[in-house]
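Every number here is computed from the coordinates shown, using simple stated rules; none is lab data. Keep in mind it's a predicted model, so treat the numbers as computed, not measured. With ideal geometry, Cβ positions are generated from the backbone for all residues, glycine too; neighbour counts draw on all protein chains shown.
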Amino acid sequence: MGGEAELVVFESTEEVDHFFREEAREDISYRVLGGGSNILVSDDIPKTVFVQTVYGDLLYKEACDTIFTTAPAHMVWDDFVKETVEKGYGDLAALSLIPGSVGATPVQNVGAYGVETKDMFISLTAYDMKKKVWVTFDKEGCAFGYRKSVFQERKEFIITSVTFGLHKGNMAVPSYGGFAHLTGQSISPLELRNEVIRQRDSKLPRAGDVASVGSFFKNPVVTSKEAEKLKEMYPAMPQYVSNGSVKLAAGWLIEHSDAVYVKSEHFALYEKNKLVVVHNGNGNIEKLFEFQDKIQRSVYEKYGVHLEREPEVVGKKY
Ligand code: NAP
């Protein structure tokens with residue numbers, strides 16, 4: 001879905017430097033494109049050029065009990081997870097099968113089953129397209145939050161590689177509902193990866209199988225007071241305490257409100273998971289925003305909770 005844009009692919013650091021010093025234009029907006037699995041593009045994207053880096057090797061360095069691994073930004077995230085898990089490092093196993101590239105994971109502080117990118121993150125290397133210099137970010141500099149980082153606001157950085165600190169050994173089982181049958185056990189990194197893949201396959205489409213951007217809304221976070229009121233009115237509502245506030249499950253709110261009946265010619269809620277919006281073809285961003293609007297309104301009318309869109313929009317904003 002969306003209009004056409006030019007793509008510039010860099011095969012070395014020298015090419016990046018040369019392009020932004022000699023060829024880039026002031027009147028054009030340069031945007032990094034990873035795997036493209038979490039962006040929505042409008043039909044009209046004037047003066048936008050996407051850029052990508054496709055160089056760099058996967059490196060490992062051992063120090064005491066930590067294995068530092070640096071992965072190039074363009075590497076497919078799940079290929080990276082698979083390789084580290086097969087080497088016996090389990091830290092990334094919960095993040096198996098998440099679509100996209102290595103370079104995209106810090107941007108959203110991608111997470112699943114209680115594990116977030118920031119937990120293993122050490123540093124990243126990036127090119128600052130505005131200042132035309134190479135920079136390194138440590139964890140603090142990334143300002144990670146819930147599915148959030150500094151890179152969502154500041155679009156001038158091209159992340160080119162990311163370093164993680166990993167460990168060998170068995171894993172604790174996530175406390176998420178789907179893992180209840182394994183509670184109390186310690187499982188190998190590969191067993192955890194296989195279980196995560198099984199769970200995700202039962203609820204989420206694989207990238208490319210249907211047109212979607214994965215979860216369409218963030219899980220809303222409310223105050224303890226609001227959560228208490230909601231629990232009184234809807235005792236079955238799942239709630240999770242996190243850092244003094246309470247997280248609600250966006251998918252559940254959709255499924256248990258009129259939002260689940262919202263119809264559109266071009267878009268639908270994914271049958272196995274109502275948090276995923278599927279594009280059935282011939283839609284555009286305006287039509288998608290209309291669909292989004294109806295879902296947000298239905299959830300708000302019933303629960304007084306606003307659902308925030310999760311994927312990024314390039315071009316026309318809403
Ligand atoms: P699920 O297990 O059906 O649970 C629904 C939501 O409730 C999850 O999003 C999760 O929040 C929350 N939740 C469930 N059990 C929890 C617990 N024990 N403690 C705290 N929060 C809990 O979720 P799902 O749709 O199948 O997704 C599985 C995992 O993949 C989730 O962690 C989800 O966030 C993640 N995922 C991430 C992305 C992304 O990063 N863009 C996309 C798709 C799925 P959390 O979101 O905080 O985990």
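Structure data summary
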{"quantity": "Neighbour-count ranking [beta-carbon atoms within 10 angstrom, fewest first] of Y261, Y303", "calculated": "Y261, Y303"}
{"quantity": "Dipole-positive endmost among S161, A236, P174 within region 159-259 (Cβ charges, Cα centre)", "calculated": "S161"}
{"quantity": "Positive-end residue of L269, F217, G184, charge dipole of region 181-318 with Cβ unit charges", "calculated": "G184"}
{"quantity": "Overall form of region 150-265 per C-alpha gyration tensor (a/c, 1.5; a/b vs b/c)", "calculated": "rounded"}
{"quantity": "Cβ-based net charge around F157, under 13 Å, with every Lys or Arg adding one and every Asp or Glu removing one", "calculated": "+3"}
{"quantity": "Of K203/K317; K287/K316; K118/K139; K247/K317; K203/K263; K274/K302, pairs whose Cα-Cα distance is over 19 Å", "calculated": "K203/K317; K247/K317; K203/K263"}
{"quantity": "Net dipole in debye of region 190-267 [+1 Lys, Arg Cβ; -1 Asp, Glu Cβ; about Cα centre; nearest 20]", "calculated": "180"}
{"quantity": "Dipole magnitude (debye, nearest 20) for region 1-67, charges at Cβ of Lys, Arg, Asp, Glu", "calculated": "200"}
{"quantity": "Difference of contour (0.36 nm per residue) and Cα-Cα distance, H167 to V76", "calculated": "30.7 nm"}
{"quantity": "Region 1-159, dipole about Cα centre (Lys/Arg Cβ +1, Asp/Glu Cβ -1), debye to the nearest 20", "calculated": "460"}
{"quantity": "CD proxy at 222 nm, helix term only [per DSSP H run n ≥ 4: -39500 (n - 2.57); per residue of the chain; nearest 500]", "calculated": "-7000 deg cm²/dmol"}
{"quantity": "Cα shape, region 38-178, gyration tensor, a/c 1.5 rule", "calculated": "prolate"}
{"quantity": "Cα gyration tensor shape of the chain, rounded if a/c is under 1.5, else prolate or oblate by comparing a/b with b/c", "calculated": "oblate"}
